[in-house]
Structure formats: C-alpha cells, structure tokens
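Rule-based calculations on the coordinates, nothing more; no lab input. Fair warning: this is a prediction, and the values are worked out from it, not measured in the lab. Here the Cβ positions follow ideal geometry from the backbone for every residue, glycine too, while neighbour counts run over all protein chains shown.
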Amino acid sequence: MNINTASVSRTLSTAGKKTAKVVPQVLLYAVMTGLAFIFLYPFLFMLVTSLMNNSDLNNSLVRWLPRELYFENFSMAARLMDYWATTKNTVFYTVAATVGQLISCSMAGYALARFEFFGRKIAMFFIILAMLVPTQTIIVPQYVIYTDLEWLNTFNPIVIPAFLGFGLRGPLFIYIFRQFFLGQPRELEEAARVDGCGFIRTFTHVVFPVAKSIYIVVLVLALVWHWADFFEPSMYLNKSHLKLVSMRLQGISDILTLPADVLQSEHNINDNNPISDATLMAGTFMVVLPILVAYAFLQKQFVQGIERSGLTGE
C-alpha cells in the first residue's frame, strides 16, 4: 500500500512539474501569436483587399476570402503608377543615398568616437539636435537654398546631402556608428598604425571588417526609409519622369477622389475598367514588395547585427 502511495506521489509530482513547464510556454506562444497577428494584420488586409473586385468590396459578407481572385487591380495600379519607370528612379535614389550615408556617416561616427579635437562636443550637440528637429521645420530654408543652387527637379537635394553625412536620418546613423565604435577596443587599430597603416587603410582593412554587423543594421534601415520616403522628394521633384513610387502611390489615392467624367477623359477609367480601394491596396503591395524581398535576404544578418552592435552609452 505504501509502495502504491509513493508511486502515485511521484507520478503526481512529475505531472505537476511538466504542467509547470508547459503552462508558461503555452502562455508565451499565445502572447507571441497575438502580437504577430497585430503586426501582420495590416499586411494581410492589404494583400486580401488587393485581390478583390468591386463586387467583393461592396459585399459585407466577404471579409477575408474573396469569391474570385481579381489580379486586374495590379495591372491597373502598375499603369497608373508608371511602375517600372518610377521603380528605376526609386532604386537609383535609394541606392545612391544609402551608399552615401554608409560612407559618410560611418566615417563621421568613427571620428567622433576615436579622435579628440576642438569642437567635438559641440559637433555631437548639433548632431543630436538634428536628430530631434523634424525635417518639416527646416524644409523652407532648404527649399530656398536648393532653388538658388538650381537643384530643383534633380536628385541633388536628396542624394548629395547623404554623401555629406546628412540626408534622411543621417544624424541618427552617425550616432549609431559612434556608439558602436565607442564600444570597440582600440588595440587592433593601434597595432595597424604601428605597422605603418594610415587612416584610410586602417579604416578599410581593420575597422570595416569588425563593423560589418552595424553596417548591415544601417543598410537595412536606410534602404527602408529611403524607399518609402515621400516628403522631401515631393518637395523637390515635380516633373513626372523624376517621380518615385511613393509619390505615384499618392497619385492613386488622389485619382480615387476625381469625378467619373475626369476619370474617363484623363485616365481611361470607366465601369468596364474600374478603380477602387483594391487598386490602391495593390499599388501599396507593389511598393512594399521590393523591401520585403530585400529584407528576406538580409534578415539573418540584420538580427545578428542588432545583437552584436553594442549600442551602449559612452
């Protein structure tokens, strides 16, 4: 009898321990699933809506599963956005600005982290100030300056500042690089200088290989922000052949508000060739798709870069 009681006690104890381990895991996965759904919901809504026709959009019973997959929304969106031409412009702007910021911001961040010079703290003050000041508050003087330089309707106002350590989120990237280099030991660089390496060779052969993780982080952030940028390009690029995909996407939203006669005369859109919110969602998906593809290839390196970046205070 005692043996049976001891056996039952051990069984209950083991079951209790397993339950104690399983319950937290179940709760963790439930919370993670809920958070994943919150983040994925806008994307799922965009994708499902982009495949609906007008009948499904106006049917309250159709929520997540279209009765018929309507791919004409994508061809309509591509035509209204002049997708391939604007994608070329966006790729050029995104790549040029990203490369410029990777070069200039990394070197500026390295200088602020490694060298002692007069005005270093003042420079950091203005960099942090530039991080805090919204672009909208200084866009008027910038516009006047670029007008005087005759840079309007060119890519100069949104590309050249990137090579000077500024541009979209430039001060933030300088700060990220500075914080990373502050956390790295100086011994390798000092050894390279003892061996006769100058600044450029030390930076390219010693500093850069060590900093690959933070370069990947800044690369992904810069690609996403430049690709989706709308405000500054819309201020400086007014000619149709220079517009970016984000600007053309706004054009679809504007077209939806036009009267039927204007749609027919200017855009060849009628009841047989309709435009709706589904067209706008299809255009949005086409804008987001290149970024999703790029992130799919860089996801592992990006996560590892975040883990290894060592963004700590001084």
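Here is how the numbers come out for the structure above:
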| read-out | value |
| --- | --- |
| Among 222, 282, 294: highest mean-square fluctuation, GNM of the chain, C-alpha pairs under 10 Å | 294 |
| Listed pairs 88/300; 88/212; 121/212 exceeding 32 Å between Cα atoms | none |
| Computed over the chain: relative contact order in percent, which uses C-alpha pairs under 8 Å that are six or more apart | 29 |
| Relative packing of 236-244, 113-121, 144-152, which averages over residues the other C-beta atoms within 10 Å, highest first | 236-244, 144-152, 113-121 |
| Share of Cα-Cα pairs in the range 85-124 lying beyond 13 Å, as whole percent | 62 |
| Listed peptides 67-73, 211-217 by packing density, highest first (mean Cβ within 10 Å) | 211-217, 67-73 |
| Helical segments meeting 20 Å axial Cα length and Kyte-Doolittle -1.0 threshold in the chain (DSSP H) | 2-50, 83-114, 212-227, 277-308 |
| Estimated FRET transfer efficiency when R0 is 25 angstrom, pair residue 67-residue 43 (beta carbons, to 0.05) | 0.70 |
| The range 44-165: relative contact order as a whole-number percent, Cα under 8 Å and 6+ apart | 30 |
| Largest to smallest principal axis extent of the C-alpha atoms in the chain, angstrom | 91, 73, 32 |
| Residue among 299, 142, 25 with the largest mean-square fluctuation in a Gaussian network model of the chain, springs linking Cα atoms under 10 Å | 25 |
| Residues whose placed amide H lies under 5 Å from that of residue 59, excluding near-sequence neighbours | none |
